[in-house]
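Here the structure comes first, spelled out in structure tokens, and everything after it is commentary.
The values are calculated or read from the model by the stated rules, or taken from the named source; none is laboratory data. No experiment lies behind these values; they were computed from the predicted model shown. Cβ coordinates were reconstructed from backbone atoms using ideal geometry, including for glycine residues, and neighbour counts include every protein chain displayed.
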Amino acid sequence: MSTLEFNQSIIRNSDYLKPFAITLTRDMEAAKDLVQETLYKALANKDKFNDGTNIKAWMYTIMRNIFINNYRRAAKQKTVFSNTANEFLLDNKQFAIANAAETNLSLKEIKEAVYHLPEIFKIPFELYFEGYKYHEISAILMEPLGTIKSRIHFARKLLKQQLTRF
């Protein structure tokens, strides 16, 4: 296949890439970027295309691989984009500095608020907080599952009222 035929084939099949890119990214602007990068890679790697094979499938494969690589790269970077006009990159490791005094004070206040809950709410809430599942708490306390769920819900509601600062 000559370069001219290859380029024309790429252009003919480029319209099929956009819906697939939107499916992958779920974002119109990111989809446009993905299509553009796919077309660039397809043109740059003409020598890797085997004549007689399906060029549309080849371009879909290129697009899927670019999407996967970008996704993995973004996951490794662990950056957060702010919604400001300039889209500054923020490193999430620089957000907070541990303050042990404030943490201990908060934990003490929370434990005290839990301690002052009525027994009917406190016991299921503490079991749930320790990691037990609803059905396990229901079996331990020999109460119906719905009762356990509502008691934990009301315990949270009471704690939220008592701990308005948090």
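A few notes on this one:
- Tabulated pairs, segment 1-23, first in the same structural domain as residue 48 (by TED's automatic domain parsing), second surrounded by 16 or more Cβ atoms within 10 Å (Cβ to Cβ) and small (Gly, Ala, Ser), C-beta under 7 angstrom, 6+ apart or interchain: 10/42; 18/31; 21/31; 22/31
- When residue 66 is tested against (1) at pLDDT 75 or above; (2) closer than 19 Å to residue 34 by Cβ; (3) loosely packed, with under 11 Cβ neighbours inside 10 Å, exactly one condition is not met: (3).
- Breaking point among (1) among the aliphatic types (A, V, I, L, M); (2) surrounded by 14 or more Cβ atoms within 10 Å (Cβ to Cβ); (3) out of contact with any helix residue (DSSP H, G or I) (no Cβ under 6 Å at 6 or more places or on another chain), for residue 11: (2)
- Check on residue 121, outside the structural domain of residue 19 (by TED's automatic domain parsing) and at pLDDT 90 or above: yes
- Annotation note: Cβ proximity below 8 Å between a residue of segment 47-58 that is in the same structural domain as residue 20 (by TED's automatic domain parsing) and a residue that is of a type in the set (S, T, N, Q) (sequence gap 6+ or interchain) occurs for 55/9; 55/13; 56/13.
- The condition of being assigned to a loop (DSSP other than H, G, I, E, B), closer than 30 Å to residue 163 by Cα and modelled with pLDDT of 85 or more holds for residue 143.
- In segment 136-148, the residues that are over 17 Å from residue 114 (Cα atoms) and either among the β-branched types (Val, Ile, Thr) or surrounded by 11 or more Cβ atoms within 10 Å (Cβ to Cβ) (or both): 136, 137, 138, 139, 140, 141, 143, 145, 147
- Residue 120 passes every criterion in (1) part of a helix (DSSP H, G or I); (2) surrounded by 16 or more Cβ atoms within 10 Å (Cβ to Cβ); (3) in contact (Cβ under 8 Å) with a residue 12 or more places away in the chain apart from (2).
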